[in-house]
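Trainee: Next up is a structure, given as structure tokens.
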Amino acid sequence: MIAFLIRLLGSVLFVSWVVGSLVFFFIHLVPGDPVAVMLGDWASPADEALLRTQLGLDAPIWQQYLSYLAGVLQGDLGQSLFYQQPVSDLVSERFPYTLQLALMALMVAVLLAFPLGYWAALYAGKWPDGVSMTVSLLGVSIPNFWLGPMLILGFAIGLSWFPVSGATQPFSWVLPAITLGTALAAILARMLRASLLEVLHEDYIRTAQAKGLSPTQVYAKHALRNALLPVVTILGLQLGTLLGGAVITEVVFDWPGLGQLLVDSIQRRDYPVVQACILIISVAYITVNGLTELVYAGLDPRIRAQT
Amino acid sequence: MTQLFSIRLLKKIPYLIVLVWALMAFTGLFVGDEALEVQLDKLLATADAQSWLGYDELGRPIFDRLLMGAQTSFLVAILVVIFSSLLGTSIGMMSGYYGGWLDRVVTKVIDVFLAFPGLLLAIALAAILGPGIENVVFALVMVGWVGYARLARAQTLSLRHREHILAARAFAVPNYLIIFRHLLPLILAPLGVEATFGIAGAVISEAGLSFLGLGVQPPDASWGNMIREGTRYLLVAPHLVWAPGILLMLVVLGVNLLGDQWRDKLDVRARPRKLN
């Protein structure tokens, strides 16, 4: 188990380092002179020189790289060009909102997916199966930047149950969480159905049925727990899609999270903030994937033994 | 009998959707300048005889813009799938076939690419390269090749010790011929299914990037930027968002259904399981 933990930690750190380095080289990939791109056509040479020194772009590239790495390790992500304040302050201000949205969306997804998938698997091939699989296919196919406006139209403007946008009013998280959670719910439901169907053919289910356990006990205890394994993996992997989708959902609902900061900063050419947002979201994703593997290992003793 | 017939008819619907999409993309070629022309007297007007879906915020006919949007999404989807499958398959097959240090490097690179959450890498690339349809294609190819590479590598690994490959090697058939003639045909089917889902993904990602203002720019039309512009007039003219959204959903749904059908057809393992 300890060897497994060390290997997991090592791989998380390695991938984070590579991603961090890629994000560093990001600014050097901008076609042309990044300083000229950031300041626009009307900047004076003096301004350009000032910004170049401020960003440290006049130093040799290895020196820039080392000071960047040292900065990131100390939580210093540079200075925002637009807000004129440390990027780390901006990011730590916005991150809780994105986290809240992602967790709420996850909750919505699990609450929707489990009944749907369970129901579909119990009545596989009959009409409830068809209904819930159609619903979940629709869920995968609806783009969240369309579902969002439609939900606003229906529930915020039409019925005025929830606020239209922003994050200040109570229950303002409901519509964004539903928008973001639907696609994940659909994938999870399909996965759970497939996994349950596979498990239901196993010998131990027949044994459980033969010794006279009630159907609820057979399905909920013996089948569901074993069927959860692949679902947990998918859940972890899909969190990445969730974080990517969060960017769009945040823009739709004017939710003050990292995604919106990212899109705004791209439009303002505030590259230090863009770099930081991409770095933080990616590292969060890598960490979540690492944790998923840990949970997976906790659920399945076979994984632990493999090391 | 009638039920069987209706199921068979139902299975044709995805093909019909994709066909209509392709036709719309083709007709998009013949949409004239009126789709770009600003007509202020028809601002947000509802349907009339010339335009069945009404006009947008600059008085441009929505139906014509939808055709142009269909063209954009079709073009982007096809290009993305072609380039990313070519790139991913060749990298994955080489890595799986030759093994050794090449394989170790490729798997690490794949891990790093997978470490970026889905759309985020595309957003980052679009941010560096600036907006434009060719940059969207490039960004989506950079995100998309990984899936094909992983699949091709796994398939190649499971096939490389088959007897026919060993026999070809024993006859000193050059490696490129083994890869093309003896390996590729065997893994084309699962790659085809992956490509079908890839089309759905590319359509949604292109629209997403354009929605964020990082993809196709006005005056060019994309279903994504039509929704983006439409959300501002949601209260007065919801049809600006309805129309492109429903089309987008239908296309993604149709392509996903197609992928599901093909996968079920291919999945030989699943069929005998259901029998016993």
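Trainee: When you take every Cα atom in the range B:102-161, what is the radius of gyration, and what is Dmax, the widest Cα pair distance, in Å?
Mentor: Considering the range B:102-161 through its Cα atoms, Rg and Dmax are 13.8, 46 Å.
Trainee: May I ask for the angle, rounded to the nearest 10°, between helix A:127-141 and the longest principal axis of chain A, with both axes built from Cα atoms and the value confined to 0 to 90°?
Mentor: Taking the Cα atoms of chain A, the angle to A:127-141 is about 10 degrees.
Trainee: Using a Debye calculation, one point per C-alpha and no hydration shell, please list log10 I(q)/I(0) for the range A:236-307 at q = 0.15 Å⁻¹ in order.
Mentor: So the normalised log intensities work out to -0.58.
Trainee: Then there is this: For the pairs A:LYS126/B:LYS11; A:LYS126/A:LYS221; A:LYS221/B:LYS265, note any where the Cα-Cα span goes beyond 27 Å. All intermediate terms of the calculation are to be shown ahead of the outcome.
Mentor: On the way: A:LYS126/B:LYS11 17 Å; A:LYS126/A:LYS221 23 Å; A:LYS221/B:LYS265 33 Å.
Beyond 27 Å between Cα atoms: A:LYS221/B:LYS265.
Trainee: If you wrap a convex hull around the Cα atoms of the protein assembly as shown, how much volume per residue is inside, in Å³?
Mentor: Each residue corresponds to 212 Å³ of Cα convex hull volume.
Trainee: Can you compute 3J(HN,Hα) from phi for each residue in the range A:253-264, using the Karplus curve 6.51 cos²θ - 1.76 cosθ + 1.60 with θ = phi - 60°, rounded to whole Hz and x for Gly and Pro?
Mentor: 9, 6, 7, x, x, 5, x, 5, 4, 4, 5, 4
Trainee: Can you show me the helix-derived [θ] at 222 nm for chain A, built from DSSP H runs with n ≥ 4 at -39,500 (n - 2.57) apiece and divided by the number of residues, rounded to the nearest 500.
Mentor: Helices in chain A give a 222 nm mean residue ellipticity of -25000 deg cm²/dmol.
Trainee: Moving on to the next point. Convex hull volume of the Cα atoms in chain B, per residue, in Å³?
Mentor: Considering the Cα atoms of chain B, their hull volume per residue is 185 Å³.
Trainee: Go through the range A:206-252 and name the trypsin sites (Lys or Arg not before Pro) that are in a DSSP coil and have 10 or fewer other Cβ atoms within 10 Å of their Cβ.
Mentor: The qualifying sites are A:LYS211.
Trainee: Follow-up. If I build a Gaussian network model for chain B, linking alpha-carbon pairs within less than 10 angstrom, which residue out of B:PHE197, B:PHE30, B:PHE74 has the largest mean-square fluctuation?
Mentor: Maximum fluctuation in the GNM of chain B, among the listed residues, is at B:PHE30.
Trainee: Averaged across the residues of A:96-105, what count of C-beta atoms belonging to other chains lies within 10 Å of each residue's C-beta?
Mentor: Taking all residues of A:96-105 together, the mean is 0.
Trainee: By how many degrees, between 0 and 90 and to the nearest 10, does the Cα long axis of helix A:174-200 differ from the longest principal axis of chain A?
Mentor: With both axes taken from Cα atoms, the answer is about 40 degrees.
Trainee: What do you get when you divide the Cα radius of gyration of chain A by 2.2 N^0.38 Å, with N the number of residues? Numbers along the way, then the final one.
Mentor: Details: Rg = 23.8 Å, N = 307, 2.2 N^0.38 = 19.4 Å.
For chain A, the normalised Cα radius of gyration comes out at 1.23.
Trainee: What is chain B's relative contact order, in percent, from Cα pairs under 8 angstrom and six or more apart in sequence?
Mentor: Relative contact order of chain B: 22 percent.
Trainee: Based on C-alpha coordinates, I'd like the Rg and Dmax of the range B:106-229, in Å.
Mentor: 18.9, 63
Trainee: How high is the relative contact order of the range A:1-103, given as a whole-number percent (alpha carbon pairs under 8 Å, six or more residues apart)?
Mentor: Contact order relative to length: 12 percent.
Trainee: Kindly give the semi-axes, whole Å and largest first, of the ellipsoid equivalent to the range A:86-223, taking each as the square root of 5 times a Cα gyration tensor eigenvalue.
Mentor: Ellipsoid half-lengths, sorted descending, are 37, 18, 12 Å.
Trainee: What is the mean number of Cβ atoms from other protein chains located within 10 Å of the Cβ atom of each residue in peptide A:238-245, rounded to a whole number?
Mentor: Mean partner-chain Cβ count within 10 Å for A:238-245: 5.
Trainee: Mean Kyte-Doolittle of at least 1.6 plus a Cα span of 27 Å or more along the axis: flag which DSSP H helices in chain B meet both, please.
Mentor: Long hydrophobic helices here: none detected.
Trainee: Let me ask something else about it. Let me see the pair-distance distribution of the range A:13-151: every alpha carbon pair, 10 Å bin width, integer percents in order.
Mentor: Going from the shortest bin to the longest, the percentages are 9, 24, 22, 18, 15, 9, 3, 0.
Trainee: Over the Cα atoms of the range B:154-220, how large are the radius of gyration and the largest Cα-Cα distance (Dmax), in Å?
Mentor: Reported Rg and Dmax, both Å: 19.6, 60.
Trainee: I would also like to ask the following. Using modelled amide H (1.01 Å from N, peptide plane; none on Pro or chain starts), what sits under 5 Å from the amide H of A:GLN79, excluding residues fewer than 5 places away?
Mentor: Here A:VAL87 satisfy the definition.
Trainee: For the Cα atoms of chain A, what angle does the longest principal axis make with the long axis of helix A:87-122, in degrees from 0 to 90, nearest 10?
Mentor: It works out to around 20 degrees.
Trainee: If each residue's Cβ is checked for other Cβ atoms within 10 Å, how do A:ILE157, B:ILE128, A:ILE278 rank with the fewest at the top? Don't skip to the answer; put the middle values down first.
Mentor: Details: A:ILE157 13, B:ILE128 20, A:ILE278 24.
So the residues, fewest neighbours to most, are A:ILE157, B:ILE128, A:ILE278.
Trainee: Here's something else I'd like to know. Pairs of Cα atoms under 8 Å, at least six residues apart: use those to get the relative contact order of chain A, whole percent. Intermediate values should be presented prior to the final figure.
Mentor: Working: 334 pairs, mean separation 79.0, N = 307.
In percent, rounded to a whole number, it is 26.
Read-outs: derived from the displayed coordinates by stated rules, not from any lab. Fair warning: this is a prediction, and the values are worked out from it, not measured in the lab. Cβ: placed from backbone, ideal geometry, glycine included. Neighbour counts: every protein chain shown.
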